[in-house]
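Heads up, the thing below is written out as structure tokens.
The values are calculated or read from the model by the stated rules, or taken from the named source; none is laboratory data. None of these values were measured; they are calculated from a predicted model. Please note: Cβ atoms are built from the backbone with ideal geometry, for glycine as well, and neighbour counts cover all protein chains shown.
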Amino acid sequence: MPFSTTPIPDLLVFEPQVFGDARGFFFESYNAKTVEEAGITQPFVQDNQSHSVRGVLRGLHYQHPPFAQTKLLRVLAGEIFDVAVDIRRGSPAYGRHYGIVLSAENKNQLFVPRGFAHGFVVLSEVADVMYKCDDFYSKQHEGGILYNDPALAIDWKIDPGDIILSDKDQALPTLADAVNHFTYAPGAAGLTS
């Protein structure tokens with residue numbers, strides 16, 4: 001199975017099988033049957049893509065219910081450090097984060113269920129990121145957590161002076177002050193196994 005677990009319940013890494021030769025490479029970046037076999041039951045309804053320069057940090061973002069989103073992220077060009085923070089009250093990993101380098105070269109993807117704040121920083125000169133969502137964007141349901149919240153202690157793998165943030169992301173609250181309606185329940189992340 002190309003999905004592997006992480007130290008945080010329900011957060012998964014997808015490592016596709018890549019077929020390469022002198023011409024280049026081929027791989028399935030998404031296959032509904034493979035996803036279903038991994039126990040992921042929700043259909044994806046929206047694809048998003050961003051282009052960012054080195055140092056751009058987008059996050060940490062989430063959407064409140066009933067428009068909470070599960071995401072499946074990958075990098076089309078460049079390299080990012082991708083982070084998911086468990087914000088599900090009652091989770092054994094509440095407030096913990098998991099970070100992984102995703103790149104066009106390694107072709108790995110991160111499956112981020114509902115109940116996680118998500119963000120990434122660009123490590124290469126530029127990066128194109130694409131991600132699938134299982135619900136539609138809703139501005140009225142936006143939520144977020146400050147990327148440098150001391151309680152999270154995230155090492156973003158880049159000099160803090162090189163980080164480029166939007167005004168919105170600079171004004172996000174800490175985890176302790178953020179509005180959060182997520183509760184941990186085994187199986188509630190859309191995983192059946």
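Within 23 Å of PHE14 (Cα to Cα) and part of a strand (DSSP E or B): does that describe TYR98?
Yes.
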Next item on the list: Report yes if VAL101 is within 29 Å of PRO16 (Cα to Cα) and either of a type in the set (Val, Ile, Thr) or exposed (fewer than 13 other Cβ atoms within 10 Å of the Cβ) (or both), otherwise no.
Entry: yes
Next item on the list: Please identify the pairs in which a residue from region 40-51 that is within 13 Å of ARG114 (Cα to Cα) has its Cβ atom under 9 Å from the Cβ atom of a residue that is surrounded by 13 or more Cβ atoms within 10 Å (Cβ to Cβ) and among the polar types (S, T, N, Q), counting only partners at least 6 apart or on another chain.
Entry: ILE40/THR70; GLN42/THR70; PHE44/THR70
Note to self: List the residue pairs whose Cβ atoms are under 8 Å apart, where the first residue sits in region 157-184 and is among the basic types (Lys, Arg), the second is surrounded by 14 or more Cβ atoms within 10 Å (Cβ to Cβ) and outside any loop (DSSP other than H, G, I, E, B), and the two are 6 or more positions apart or on different chains.
What the structure shows: LYS157/PHE81; LYS157/GLY99; LYS157/VAL101; LYS157/VAL121; LYS168/GLY144
Next item on the list: Within region 113-136, track down each residue that is more than 20 Å from LEU172 (Cα to Cα), buried (at least 18 other Cβ atoms within 10 Å of the Cβ) and touching a strand residue (DSSP E or B) at 6+ places or on another chain (Cβ under 6 Å).
Entry: LEU123, ALA127, VAL129, TYR131, LYS132, CYS133
Notebook entry, point to check: In region 66-95, what residues are assigned to a loop (DSSP other than H, G, I, E, B), within 22 Å of LEU152 (Cβ to Cβ) and of a type in the set (Phe, Trp, Tyr)?
Noted result: TYR94
Next item on the list: Would you check which residues across region 22-65 are in contact with a Ser or Thr (Cβ under 9 Å, 6 or more places away or on another chain) and in a loop (DSSP other than H, G, I, E, B) and list them?
Entry: GLU28, ALA38, GLY39, THR41, GLN42, PHE44, ARG54, HIS64
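Hey, any hits in region 175-183 for a residue that's assigned to a loop (DSSP other than H, G, I, E, B), modelled with pLDDT under 95, among the β-branched types (Val, Ile, Thr) and surrounded by fewer than 18 Cβ atoms within 10 Å (Cβ to Cβ)?
Yes, there is a match, as at least one residue in region 175-183 is assigned to a loop (DSSP other than H, G, I, E, B), modelled with pLDDT under 95, among the β-branched types (Val, Ile, Thr) and surrounded by fewer than 18 Cβ atoms within 10 Å (Cβ to Cβ).
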Check: When ASP82 is evaluated against the numbered criteria (1) crowded, with 18+ Cβ neighbours inside 10 Å; (2) farther than 21 Å from HIS141 by Cβ; (3) touching a residue at least 40 places away in the same chain (Cβ under 8 Å), which criterion, by number, is the only one it fails?
Finding: (3)
